[in-house]
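The block underneath contains the structure these notes are about, expressed in C-alpha cells.
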Amino acid sequence: MSTPSKKAIIIGSGIAGLASAARLASRGYDVHVFEKNDFFGGKLALHVQDGYAFDMGPSIFTQPFVLEDLFNFCGKKFSDYFRYQNLSVNTHNFFNDGTVIHAYKGKEKFVAEIREKLQIDTSRLESYLLEAERMYNDIGKIFLDEHIHDLQTWTTARIPKALKSLKWQYLLKSMHDYHQQKLQHPKLVQMFDRFATYNGSNPFEAPAMLSMIAHLEMNDGAYYPEGGMISIPNAVYKLCNDLGVQFHFNSKVERIILEGNKATGIVTNGKEHRCDIVVTNSDVFYSYYDLLQDKEKGSSIGKMERSTSAMIFYWGINKEYKQLGLHNLFFSDDYKEEFDHICKHKKPYEDATIYINITSKMEPQHAPAGCENWFVFVNKPAIVEANEDKVTAEIRKHTIAKLSRLLGEDITPHIATEHTLTPTSIQSRTNSYLGALYGTASNNKMAAFKRHSNVSSQYKGLYFAGGSVHPGGGIPLCLRSAKLAVDKILTA
Ligand SMILES: Cc1cc2nc3c(=O)[nH]c(=O)nc-3n(C[C@H](O)[C@H](O)[C@H](O)COP(=O)(O)OP(=O)(O)OC[C@H]3O[C@@H](n4cnc5c(N)ncnc54)[C@H](O)[C@@H]3O)c2cc1C
C-alpha cells in the first residue's frame, strides 16, 4: 500500500502562491489553493473594457529564466506553456525639455544613443554597467537566491568572494549619490535612479547597492510575454492544473489553525480544512494580524516602512501615438522634490514622473483598430486616504496636463474609456497592506534582513511566499520566494 501524500494548503493565488502550489504538487503533495477572489493571479490580473484589454498590475518582465526554472523543476516543457520575446528598446524616455532617449537593448547601442543625445563621454556609463553586473553576480545573487536568515548561508565558500566585492560606498552612499558620482549627467542619473522604484524604494534613501537592479534591464534586457503579462499567471495556473492542484475560489481564509507550536490547517467560510503544511501568500502583515491573530507581531510588521504604491489610470485611447512604444517614461524636472512629495505624503506633485505601458504596440488586438490601450502609472505613497477621490482627481488633472503638453495636443478628447486603480483598491483586491506594490521598502540598508523569512521560526509547518517576504516584491523575486519556501518544506 502506498503512503498517503502529505496535504499542503496555500493561502492565496498570487504568482508566489501559484508557483509554491506547482512545486509542491510536482513532489507528490496533495495541494489545495484557497483564494478569496473569483480569479487567480492577485496583482497580475486582466481588465477588459469596451474592446480594450489591460494588464492591471506588472508590465515589466525581466529574468524569464526564473520562470523557466519553475517549469523545469516541475518536469514540464516551458515552451509548451509560455512564449516571450526580446524587446529591442527597453524604454522610451521623454524629458520636459524635449529630449527623447531610447534605452536600447544591448550595451553598445544604448551607449551610442547616450553619446548622441547627451553629447557626453560614455566611459563612466560603461564602467557603471560593468560594475552593476559584477555587483549583481557577486552579491545580489546571495540576497535573492539564498536563505539569508540562516546562519549557515553566511559560512559557505561564496561569502568571502561576495564580501570582497562589497565596497563600503554600496552601503554608506545613497543610490542617488552613487549615481551622481558615477554617472554625473543629470538625465542619466535620473534614468538610473528610477530603478529604485522597481522595488518601490526612494533613490535618495535606498543604499547604492540597489543600483544592481539596473543590470537586469540595461545589461540583460526586458522581455515581452506573448499575450501580455496575464500569460504569466495563466501559464502557472495551467501548470498547477496539470499537476493536480485543486483550487477553491471565493474562499477567504479567516484564520490559520494552530495546535501547540504547529500549523495544522485553515478556516474558510466557517469550515475547517486540516493539512500538514500551510504556505501563506497573503501579505505578511495580514498573515500575523488576522490569520495567526498575533496582533503584537502584526503591528510591529505594520510599522515597517512600506514600498510605494501607485495610482493607475487605464485609458482606452481612440488614436495612435507613433512616438510611443511599449514602455514610456515622462520624467519630472526635479526627482528629489518628487520623492519628497511621495515619501513625506505631501499633496500630489504636479510634474510627477509618468509611466505608460501600451501592449497594443505589440499586440494590436488589445485595442480597437487605430486605438491604443494606455496603462498610465504615477508613483504614490502606500496609504489609504479618506479623501482618495479628491487626490485621484488631482493626479488625473496633472497627468493629463503634462501628457498633453509633451504630446503636443489635449489628450482629454481621446480618452474613450477609463478605469482607475488606487492604493485602497489594491489593498482590497489583493490584501496588500496599505496598497504597497512590493511589501516593505528597501530604503534601509538592513531591509533585506528585516524582511520576513520564508519559514516560520515559531510554528512548525508554516511557510511564507510572496512579495512581502524574502527576497521581496516583483515577479522574479516572488517566484524565488516560492522556490525558497518549498526548498525549506522539502528539506525540513
Ligand atoms: C500596479 C502594479 C505594477 C507593478 N509593476 C511591476 C512590474 O512591472 N514588474 C514586476 O516584476 N512587478 C511589478 N509589480 C509587483 C508585482 O505585481 C508583485 O510583486 C507580485 O505580483 C506579488 O505577487 P504575490 O505572490 O506576492 O501575490 P499577490 O499578487 O499580492 O496576491 C496575493 C493573493 O492572495 C490572496 N489572498 C490574500 N489574503 C487572502 C486570504 N486571507 N484568503 C484567501 N486569499 C487571500 C489575494 O486575493 C491575492 O490573490 C507591480 C504591482 C502593481 C500592483
Carbon + sulfur, % of accessible area of segment 124-214 - ligands and nucleic acids excluded, 1.4 Å = 58 percent
Which of the peptides 162-169, 18-25, 118-125 is most tightly packed, and how do the rest follow, judged by the mean count of other Cβ atoms within 10 Å per residue?
-> 18-25, 118-125, 162-169
Quick one: what Rg and Dmax do you get for the chain from the alpha carbons, in Å?
-> 22.2, 75
Accessible area of Ile10 in the full protein assembly, 1.4 Å probe (Å², nearest 10) = 0 Å²
Potential extension, Asn269-Ala386 segment - 0.36 nm per residue separation minus Cα distance | 39.2 nm
Using only alpha carbons, build the gyration tensor for segment 124-214 and give me the equivalent ellipsoid semi-axes, biggest first, whole Å.
-> 25, 14, 11
Inter-label distance, nm, simple model (7 Å from Cα along the C-beta direction), Arg158/Asn241 | 3.6 nm
Among beta bridges that DSSP assigns inside the chain, antiparallel share in %, nearest 5 = 70 percent
Candidate residues Lys173, Lys187: accessible-area rank, largest first, probe 1.4 Å | Lys173, Lys187
Taking Cα centroids, how far is segment 358-432 from segment 6-69 in Å?
-> 24 Å
Report the accessible area of Lys252, computed with a 1.4 Å probe over the heavy atoms of all protein chains in place, in Å² rounded to the nearest 10.
-> 110 Å²
Find how much the distance from Asp487 to Asp220 grows on full extension, using 0.36 nm per residue of separation minus their present alpha carbon separation; answer in nm with one decimal.
-> 93.4 nm
Hand me the tally of lysine pairs in segment 108-265: alpha carbons under 26 angstrom apart, and the pair either on different chains or 8 or more positions apart.
-> 20
Any chance you could look up the accessible area of Glu363 with a 1.4 Å probe, heavy atoms only, rounded to 10 Å²?
-> 30 Å²
The chain: angle of helix 231-242 to the longest principal axis, Cα-based, in degrees nearest 10 | 20 degrees
How far apart, in nm, are the 7 Å Cα→Cβ label points at Thr99 and Glu350?
-> 2.3 nm
Ranked order, Arg27, Arg405, Arg134 - accessible area, probe 1.4 Å, largest first | Arg405, Arg27, Arg134
How much area per residue is accessible in the chain when the probe is 1.4 Å and only protein heavy atoms are counted (Å²)?
-> 41 Å²
Once you have a ≥ b ≥ c as the square roots of the Cα gyration tensor eigenvalues for segment 241-341, tell me rounded if a/c is under 1.5, and otherwise prolate or oblate according to whether a/b is larger than b/c.
-> oblate
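The values are calculated or read from the model by the stated rules, or taken from the named source; none is laboratory data. These numbers come from a predicted model, not from an experiment. Cβ coordinates were reconstructed from backbone atoms using ideal geometry, including for glycine residues, and neighbour counts include every protein chain displayed. These accessible areas exclude ligands, DNA and RNA; they are computed on the full protein's heavy atoms, side chains included. Shrake-Rupley method; radii C 1.70, N 1.55, O 1.52, S 1.80 Å.
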